[in-house]
Structures are given as C-alpha cells and as structure tokens.
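Engineer: Input: one structure, supplied below.
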Amino acid sequence: MNLDLINSFAKKVPKRTFWDKIINKVYNWSYNRGYIDAFYETSLTKGIRRLAELTHFFDERVIDGITNGVGVMSFFIGESIKYVGGGRISSYLFLYLSSVSILLLISYFLNQ
C-alpha cells in the first residue's frame, strides 16, 4: 500500500486550513444555536435582574422608610400629647384644633 501519495496530497493543500476555520466557525455557531442563549442571558435576563434589584432597593429604602418615618413620628407626637393634655378631653380637643389651624395658616401663606 502506498500511503506516501495520500499524505503528500493532504499536506500540499494550504487552503484547506482556511476552509476548516470557516467550517469550524459555522459548526460552533450552529452548535450554540446562533448564540441566542448567550444574547438572551446578557440582554434580557441580566437587564431585568438589575431592574428588579433597583426596584427592590427603592421599595425597601424609600417607600418603607417614608411609612416607618410616619409611624415613628405619630408615636412620638402621641406620646408628647399624652403628657401635655393632662387627661381632659377639652384640652386634647383644644390642642388638636389649634395645631390644625396653625397648619392651615401655614399652608395658606405658603400658597399665596
């Protein structure tokens, strides 16, 4: 058997390496389904995950912070009114009406 002829023919074709590179690229592209999964992961999945993290941070820090702040403020205002009022309903009513009238005057002068 003469194998030298086949080996010399395979070694003398330099264009075959370029063609093999093209075939290899097409094979990798088709094997990876056109890189759709990688594109989907980088563009959609990571983008939506970043948006969800930003929304979670905003909800946890800003929205819950405002709600907790109003709750704590109402607690301290209630505790201070408890000691100022002295237990009579008329004093509570006077304090409430005076604070509402002061807030209405402030809003009236600020809106002019």
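Engineer: Tell me, what is the FRET efficiency for residue 109 and residue 81 to the nearest 0.05, using R0 = 35 angstrom and their Cβ-Cβ distance as r? Walk me through the numbers on the way to the answer.
Structural biologist: Working: r = 25 Å, r/R0 = 0.71.
For R0 = 35 Å, the calculated efficiency reads 0.90.
Engineer: Taking 0.36 nm per residue of separation and subtracting the Cα-Cα distance, what length does fully extending residue 67 through residue 89 add?
Structural biologist: Details: separation 22, 0.36 × 22 = 7.92 nm, distance 2.88 nm.
Length difference between fully extended and current span is 5.0 nm.
Engineer: Rounded to two decimals, what is Rg over Rh for segment 69-112 when you use alpha-carbon atoms and the Kirkwood radius?
Structural biologist: On the way: Rg = 12.7 Å, Rh = 11.8 Å.
Taking Rg over the Kirkwood Rh, I get 1.08.
Since every read-out is calculated from the coordinates, none of them should be taken as a lab result. Not measured: the values here are computed from a predicted model. Backbone-built Cβ (ideal geometry, glycine too); neighbour counts: all protein chains shown.
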